Amino acid sequence: MRSIWKGSIAFGLVNVPVKVYTATEDHDIRFHQVHAADGGRIKYDRVCTVCGKSVAFADIDKAYESPEGDRVILTDEDFAKLPVAEKHEIPVLQFVPSEQIDPILYEKSYYLEPDSSTPKAYVLLAKTLEDVNRVALVHFTLRQKTRLAALRVHDGVLLLQTLLWPDEVRSVEFESLDGVAEPKKQELSMAETLVDTMSDDFDPSLYTDEYQIELKRMLDEAIASGSSKVTRAPEPAAPEMDAEVVDLVAALQRSLEASGQRPAKKAAPAKKSAAKAEKKPAKKAPAKAAKKTASKQTRKGA
């Protein structure tokens, strides 16, 4: 895992250096939008509705529109003026019983790792939270957004869970529940009996995402079968010489040409040195050739 934030927990006068890691991940299979006719990827462009030109992300500001239609455009400088918690500090606000936090408020979870050669303060805070059975309410600022968060212990590690602000939870009122009669005692008794027969300890490993499993199987089978729905990835190109090396070789070649010289060629290895040739004795003529030569000389003399 790679840390996404570094800072410290301010626990009274105690400072606890920590690294922050995302504690959860999404295993959903991702899809791209493509043109149904030819399979081409669909691209999106940031186009200005006034000038019709594409706009770079660096040239985009944020605008707010009031219910009456008034628009306010804010820049990064405007946002920098707003009060936020110290970007590299997680201040502890108070300690509360864990059962008093409604699970609907929990948003995203992060693991905290000690960022110190002597994590004694980290272990002290984690052990204290376990013993008192409370969670610490803290402020946590990430990506220019300050959240209320709950700090607790999970498997011996400090876990920070961001919370929704109270006004972010919608109030619920369903007219369909108005005037409904209370369940009878016999109905409640039978329902409670059914609950008892289905009750057990929670074991998350017993449950799997069947949809994602079947979707992955379908995709793997399509790739293995080579159906018409599959577009094969192009073959990787042969490795080429590094561009910097090519430029260096070309520069050296031009330098030699400019000086009127050519790259020296490797000399071919000599077949035999003269010294070795002198030392080596001459081969004797074959016996048959010597007899023929003597016969010729005899005939000439006759």
- List the trypsin sites (Lys or Arg not before Pro) in the stretch 172-239 that DSSP assigns to loop (not H, G, I, E or B) and whose Cβ has at most 10 other Cβ atoms within 10 Å. Which are they? K184, K229, R232
- Query: Could you sort T141, T208 by accessible area so the largest value comes first, with the probe set to 1.4 Å?
  - Reply: T208, T141
- Task: Starting from the Kirkwood radius over alpha-carbon pairs of the stretch 53-153, derive D by Stokes-Einstein at 4 °C in a medium of 1.567 mPa s and give it in µm² s⁻¹.
- Result: 76 µm²/s
- Query: So which chymotrypsin sites (Phe, Trp or Tyr not before Pro) in the stretch 28-69 end up in coil per DSSP with only 11 or fewer other C-beta atoms within 10 Å?
  - Reply: F31, Y44
- Just list whichever of K43/K229; K53/K87; K19/K216 have alpha carbons separated by over 27 Å in the model shown. K53/K87; K19/K216
- Item | Rg/Rg_ref, the stretch 1-83, where Rg_ref = 2.2 N^0.38 Å and atoms are Cα | 1.82
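With a cut-off of 8 Å between alpha carbons and a minimum separation of six or more residues, what is the relative contact order of the stretch 120-175 in percent?
25 percent
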- Query: So which trypsin sites (Lys or Arg not before Pro) in the stretch 83-165 pass both tests, a DSSP loop state and at most 13 other Cβ atoms within 10 Å of the Cβ?
  - Reply: K87, R143
- Sulfur and carbon atoms: percent of accessible area, the stretch 31-189 [1.4 Å]: 53 percent
- the stretch 1-78, relative contact order in percent, only Cα pairs under 8 angstrom and at least six apart counted: 14 percent
- Message: Restricting to bridges with both residues inside the stretch 1-129, how much of the DSSP beta-bridge set is antiparallel, in percent to the nearest 5?
- Response: 85 percent
- Message: Defining a contact as two alpha carbons under 8 Å apart and six or more residues distant in sequence, what relative contact order in percent does the stretch 135-205 show?
- Response: 17 percent
- Quick tally, 1.4 Å probe accessible area for D196, D203, sorted with the most first, runs D196, D203
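The values are calculated or read from the model by the stated rules, or taken from the named source; none is laboratory data. Every value quoted in this text rests on a predicted model; they were computed, and no experiment measured them. Cβ atoms come from the backbone with ideal geometry, glycine included; neighbour counts cover every protein chain shown. Ligands, DNA and RNA are excluded from the accessible area calculation, which covers all protein heavy atoms including side chains. Shrake-Rupley method; radii C 1.70, N 1.55, O 1.52, S 1.80 Å.
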